[in-house]
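The values are calculated or read from the model by the stated rules, or taken from the named source; none is laboratory data. Here the structure is a predicted model, which means the values were calculated and not measured. Every residue, glycine among them, receives a Cβ derived from its backbone with ideal geometry; neighbour counts consider all protein chains shown.
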Amino acid sequence: MTVHAFAVGPGRLRLVVADITTLSVDAIVNAANPSLAGGGGVDGAIHRAAGPRLLAACLDIVRGSGPLPTGQAVATPGFDLPAAHIIHTVGPVWRGGGHDEPILLASAYRQSLLAAKALGLGSVAFPAISCGAYGFPVEQAAATALRTLRQGLMDALVAEVTMCLFSGRALDVWREAAASVLRDET
Ligand code: AR6
C-alpha cells in the first residue's frame, strides 16, 4: 500500500491508495447521501462490506432524526468491517461553485472529525468526499479537505487521519495539494 505521511501539529496525516473498507482504523468515513439508504461508489462498497445491519442502523437514524443535512455527520457501528465505527457524512453536490460548495465540503470533514472526537477515537480514514458522483473538482476538493484536516489535527480532534484515495491518479493530485498545504515527513 502506498503511504505518504505528514506531521501535523501533535498528529499525523497519511495519503494512501486503498479500498477504504479494508482499512483497520478506528473509524472510516462514508460519503453518503441524506437518505443514508446506501448508493453507489464508496457508499455502496461500505454497505456491502459492513453487511445488512448497517442499513437497518442507518434507517433507524433517519426515522428518529430525519435525513442527514449536507455538511453534517453521524456515527454507526462498523458491523462486519475491520473498522469499529462508520461516520456517515454528506458532501455537497457540485453546482458550479457558487452555492457554498467549499464551505459545505469543509463542514463535512470537520463534523466527521468532531464525531470521531465525541467517540474518543484516535484514527479516522476519509474517502475523497464529493469527488465521484457529486462532481466536485478534485484539485479544489483536495485543497479544501487538507486545510480542514490540518486544522482538525492541530486542534487534536484525533491523532491520525488517513486520506484513502482510490487510484494512483487521485493520489498524484492529493500529493500535489499536500505539498503546498502540509510538510512532508517521508
Ligand atoms: N474506497 C475508497 N474510495 C472509493 C471507493 C472505495 N471502496 N469507492 C469509490 N471511491 P462517490 P460522492 C472513491 O461517488 O462524490 C453515492 O451514490 C471514488 O473514486 O462514492 O461524495 C452516495 O450514496 C471517489 O474519488 O461519493 C451519494 O448519493 C470518492 O470515493 C453519492 O454517491 C467519492 O466518490 C455521493 O457522491
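Condition check ((1) farther than 14 Å from residue 11 by Cα; (2) within 12 Å of the ligand (Cβ to nearest atom); (3) in a helix (DSSP H, G or I)) across all residues:
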position: 86; (1), (2), (3): yes, no, no
position: 99; (1), (2), (3): yes, no, no
position: 102; (1), (2), (3): yes, no, yes
position: 108; (1), (2), (3): yes, yes, yes
position: 111; (1), (2), (3): yes, no, yes
position: 116; (1), (2), (3): yes, no, yes
position: 132; (1), (2), (3): yes, yes, no
position: 145; (1), (2), (3): yes, yes, yes
position: 164; (1), (2), (3): yes, yes, no
Open item on the list: Quick check on segment 10-33: of everything there that is surrounded by 14 or more Cβ atoms within 10 Å (Cβ to Cβ) and assigned to a loop (DSSP other than H, G, I, E, B), which residue is nearest to the ligand (Cβ to nearest atom)?
Closed with: 33
TODO: Just one of (1) at pLDDT below 95; (2) part of a helix (DSSP H, G or I) trips up residue 186, so point out which.
DONE: (2)
TODO: Return the only residue of 178, 141 being of a type outside the set (Lys, Arg), outside any loop (DSSP other than H, G, I, E, B) and near the ligand (Cβ under 10 Å from one of its atoms).
DONE: 141
- [ ] May I ask you to list the residues in segment 53-84 that are part of a strand (DSSP E or B) and either touching a strand residue (DSSP E or B) at 6+ places or on another chain (Cβ under 6 Å) or of a type in the set (A, V, I, L, M) (or both)?
- [x] 73, 74, 75, 76
Open item on the list: Checking the conditions here, which among 110, 150, 169 is surrounded by 15 or more Cβ atoms within 10 Å (Cβ to Cβ), under 16 Å from residue 4 (Cα atoms) and either without any contact (Cβ under 8 Å) to a residue 60 or more places away in the chain or basic (Lys, Arg) (or both)?
Closed with: 150
Open item on the list: Being in contact with a Pro (Cβ under 8 Å, 6 or more places away or on another chain), among the charged types (D, E, K, R) and farther than 18 Å from residue 146 by Cβ is true for just one of 60, 80, 100. Which residue is that?
Closed with: 100
Open item on the list: Out of the residues in segment 34-48 meeting the condition of being more than 8 Å from the ligand (Cβ to nearest atom) and not in a loop (DSSP other than H, G, I, E, B), tell me which one is farthest from the chain's Cα centre (by Cα).
Closed with: 48
